Amino acid sequence: GSVVTVAALAVGGLFTWLWTGSQVSTVGEERFGNRLAIPPLAKSSVDEDGTRVFDLRMRAGETEFEPGRRTPTYGFNGSYLGPTLRAERGEKVRVRIENGLGEASSVHWHGMHLPARMDGGLHQSIAPGATWSPHWTVDQPAATLWYHPHPHGVTEQHVRKGLAGLFLLGDERTDRLALPKKYGVDDLPVIVQDVRFDDGELDGGRNIMQSVGFLGDRTMVNGTLSPYQEVGDELIRLRLLNASTARTYAFGFPDGRSFSLVATDGGLLERPAAMERVQLSPGERAEIVVRMRAGERVVLRSFPQDNYGDVWQRRFAGGDDSFDVLELRAAGRLRTSPALPAALGEPETPDGTDAVRGRYFDLKRSGINGRAMDMGRIDETVTRGTTEVWTVRNADGMPHNFHVHDVQFRVMEVNGSAPPPALRGPKDTVFLPNGTTMKLALRFDGPADPDTPYMYHCHLLYHEDEGMMGQFAVVEKGERAGTPTGHADDH
Ligand code: C2O
Ligand code: CU
């Protein structure tokens with residue numbers, strides 16, 4: 001009996017150590033001494049056939065997050081993160097990406113509807129020194145999308161070193177709406193990452209929690225530690241992106257003020273939704289509009305979360321964690337902002353009534369539906385031009401989320417009920433705490449490419465790298481999926 005007791009105590013002690021190691025709070029401790037960096041808008045040129053062309057170079061460099069301390073990092077066109085790309089619906093775009101790293105990588109357009117060969121997933125690897133130039137026509141509503149590497153097994157490392165950026169889409173209808181839209185002025189990019197410094201270096205993985213992946217002990221916005229931003233308008237739109245590799249946040253304000261959620265991952269809601277918290281797991285975005293009072297300082301905070309499902313997850317992923325993320329400093333006199341429009345987007349996601357089939361996805365850290373990722377295997381074959389209902393379930397005892405490439409889907413149900421307001425807009429990534437089942441309606445508009453799959457996966461990148469990922473191909477009716485091949489050759 002006593003040997004067992006001692007062993008149990010030892011194991012319990014180890015878990016306690018792991019748990020407490022992941023619980024942190026920066027509330028009340030940030031000094032907000034650094035002006036927020038705003039990622040520059042990427043320059044582009046328009047070539048003879050009207051294509052908007054961007055240039056991105058992936059490179060290694062050094063970043064001074066704290067004065068006098070140089071940290072080795074990766075970035076696009078700079079030492080950390082990347083410029084903000086912007087394009088309009090209907091535009092043809094091409095991005096020339098040069099891999100200036102000493103290792104292979106790839107660049108995926110998270111949230112973008114585009115041909116599988118342009119998707120930048122596992123099959124579009126870019127060798128060191130090589131250039132890859134994917135091109136497509138933007139054919140989806142205005143949205144806050146993003147780009148990041150997707151190399152098999154090392155995505156977490158590449159993203160954590162700094163390879164991520166925003167890709168903003170506009171459309172005619174949205175451009176006319178009375179929403180704050182002056183980039184960097186009343187329309188602010190807010191890329192949130194958690195970090196931990198280890199002797200001046202970005203933690204190289206020593207703090208990976210075996211269950212969820214890397215968890216840092218403080219946050220940065222747009223690569224700025226302890227950031228503040230001066231604002232001069234009554235209404236401020238924050239484009240929140242959770243670019244952390246494992247951590248989930250619940251954003252809100254300490255004084256409990258409500259804000260208006262205007263957009264989710266894939267674009268505008270039908271109408272603004274007032275709320276006090278918005279929860280974002282890795283990869284998810286939310287656009288919120290907050291009202292400022294003249295002269296005040298307001299902190300964007302991430303609050304403790306109570307929906308992790310059980311004690312294990314709460315302790316592992318931060319049930320008591322809270323972060324002071326960004327301070328907004330309002331000018332003594334504010335420019336008047338027009339009231340938010342009562343009607344925003346026109347939904348383009350399917351409602352599921354015309355679904356031709358259902359599929360079932362069981363999320364486990366060891367794999368999806370009992371299988372770990374295999375690049376040579378296409379797991380699901382869907383027919384171009386059809387709608388499907390995917391039921392996604394997490395009963396694994398730890399937090400997961402679910403991201404599908406190429407589509408924006410609609411959440412039909414969460415545990416048998418109608419989705420809450422924060423899940424009523426177009427989504428490409430959803431958080432599934434333990435014990436959650438969601439029904440999603442997805443429409444696959446092609447183009448068909450039986451040999452080149454898209455991915456679906458958990459966006460806790462450590463899980464993804466470990467194999468919580470599968471592949472689906474879009475084919476013409478009656479056609480069969482082929483054998484996955486790499487197509488990093490569309491120059
Ligand atoms: Cu944001 Cu498959 O990725
Ligand atoms: Cu996961």
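Some notes on this structure:
- Extending 7 Å from the Cα toward the beta-carbon at both residue 483 and residue 336 defines two label points whose distance is 6.9 nm.
- Percent of beta bridges antiparallel (DSSP, region 113-244, rounded to nearest 5): 70
- Antiparallel bridge percentage (DSSP; both residues within the chain; nearest 5): 70
- Long-range lysine pairs (8 or more apart or interchain), the chain, Cα under 18 Å: 4
- In plain terms, the chain from residue 356 to residue 172 could stretch by 63.0 nm, reckoned as 0.36 nm per residue minus the Cα-Cα distance.
- Three-way shape label, region 355-475, alpha-carbon gyration tensor, a/c 1.5: oblate
- Given charges at Cβ of Lys, Arg, Asp, Glu: the chain dipole, positive-most of 109, 470, 448: 109
- Of all beta bridges that DSSP places with both ends in region 187-335, some 75 percent have antiparallel geometry.
- Shape call, region 92-245: gyration tensor on alpha carbons, a/c limit 1.5: oblate
- Ordering of 164-172, 262-270 by burial proxy (mean other Cβ atoms within 10 Å per residue, highest first): 262-270, 164-172
- Shape call, the chain: gyration tensor on alpha carbons, a/c limit 1.5: rounded
The numbers here are math on the coordinates, done by the rules we state, and not lab data. What you see is a predicted model; the values in this text were computed from it and never measured. Note that we place each Cβ from the backbone using ideal geometry, even for glycine, and neighbour counts take in every protein chain shown.
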